[in-house]
1. Working only within segment 109-132, note down all residues that are surrounded by fewer than 16 Cβ atoms within 10 Å (Cβ to Cβ) and either aromatic (F, W, Y) or touching a strand residue (DSSP E or B) at 6+ places or on another chain (Cβ under 9 Å) (or both).
2. Return the residues of segment 247-293 that are in contact with a strand residue (DSSP E or B) (Cβ under 6 Å, 6 or more places away or on another chain) and among the charged types (D, E, K, R); say none if nothing qualifies.
3. Before we move on, is V53 closer than 24 Å to V146 by Cα and in a helix (DSSP H, G or I)?
4. Restricting the search to segment 97-119, which residues are under 23 Å from T81 (Cα atoms) and over 30 Å from the mean Cα position of the chain (by Cα)?
5. For F10, are the conditions met, namely being of a type in the set (F, W, Y) and touching a Lys or Arg at 6+ places or on another chain (Cβ under 9 Å)?
6. Any chance you could count how many residues in segment 63-96 are in contact (Cβ under 8 Å) with a residue 40 or more places away in the chain and open to solvent by 40 Å² or more (accessible area, probe 1.4 Å)?
7. For segment 138-150, name all the residues that are out of contact with any helix residue (DSSP H, G or I) (no Cβ under 9 Å at 6 or more places or on another chain) and open to solvent by 90 Å² or more (accessible area, probe 1.4 Å).
8. In this structure, is V6 modelled with pLDDT of 95 or more, in contact with a strand residue (DSSP E or B) (Cβ under 7 Å, 6 or more places away or on another chain) and open to solvent by less than 30 Å² (accessible area, probe 1.4 Å)?
Amino acid sequence: MSYAAVIGTFDGLHRGHQRLLEQLREVAEARGLQSMAVTFTEHPMAHIPPFAVPPRLCDNARRIRLLEQSVDKVVVLDFSTIKHLTAAQFMERLAALGVTVLLMGYDTRFGSDMPREAEVYRTAASAAGITVVFCSTAVHTDDGAVIASSSIRKALADGDVATAALMLGRPYAVTGTVDAGRGQGRTIGFPTANVRPDDPEVAVPAPGVYACVADAVSANGSTIFRDRPAMVNIGTCPTFVPDGRKITIEAHIPGFAGDLYGATLSLRFVRRMRSERAFPSVEALKAQLHSDAAKTLEILKQAGLGNPH
């Protein structure tokens, strides 16, 4: 079997990645080839000094699943075993996988020698029996911003989940297991699910209160609910823990009274409503939470998201 292939980390599989994979399918179809995405078990920066691995935009399982939905074949390489290969040697590795056409993005670079010149890649590819096709342009938002994983991480760090969603082509999501929290939300009429991300390296939006959509699956794999509105607080809960430092993710599901302990909760972030702050009293906090809950439902209604039942 012969393939047209792309190489990348594909963190988040954002709209730029989606456009590259769309072009890959077009190239493969035009040449009578199957499409292949070549990616890695972990981010290459985990093996490259100064080892500054960026927060992930989705866990590995989801990243591979999204790739498998986009191409005929996904090859996952252990980067630690190939990091020493030059660009020319890596081309030979690709040829051994059946790659005859390599589509390279506008900023794609690979190999221990990291060539910057397109001609170096063309020459190395030709020697391995591979034709290189360059995709020379980036994908931009309507206001001209380049869509890139680093731009999405910056938006999340700023709490701008709406821009992150625009670049991803879908709301940013964090999935985790519900474990025991402080239980203080329940005492004031706003029980929350304390969500511990399944991937500790996943990017978490900036502290604040967010309108989200939630899915919940029990420990035995059965669906508890889907597409429920969720009011989510990320932060240290300063009203109850004035000197708190640990960042938590706490989700209140309006109208839901069941037990979520041990369940897997997936939160899709739609909009940041406000920053987190300490309130002078529990009553003042409760008044704000009532307002936040109403605003959450209104935001999701306007967006056509979330089923309140």
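The values are calculated or read from the model by the stated rules, or taken from the named source; none is laboratory data. Since the structure is predicted, the reported quantities are computational estimates derived from the model, not experimental observations. Neighbour counts are summed over all protein chains in view; Cβ atoms, including those assigned to glycine, are modelled from backbone coordinates with ideal geometry. What goes into the accessible areas is simple: the full protein's heavy atoms, side chains included, and nothing from ligands, DNA or RNA. Shrake-Rupley method; radii C 1.70, N 1.55, O 1.52, S 1.80 Å.
1. A118, S126, G129, T131 - these are the residues of segment 109-132 that are surrounded by fewer than 16 Cβ atoms within 10 Å (Cβ to Cβ) and either aromatic (F, W, Y) or touching a strand residue (DSSP E or B) at 6+ places or on another chain (Cβ under 9 Å) (or both).
2. Once the filter is applied, which keeps residues that are in contact with a strand residue (DSSP E or B) (Cβ under 6 Å, 6 or more places away or on another chain) and among the charged types (D, E, K, R), segment 247-293 yields E250, R268, R271, R272, R274, E276, D292.
3. no
4. T100
5. yes
6. Total satisfying the criteria: 3.
7. Correct list: D143 only.
8. The answer is yes for V6.
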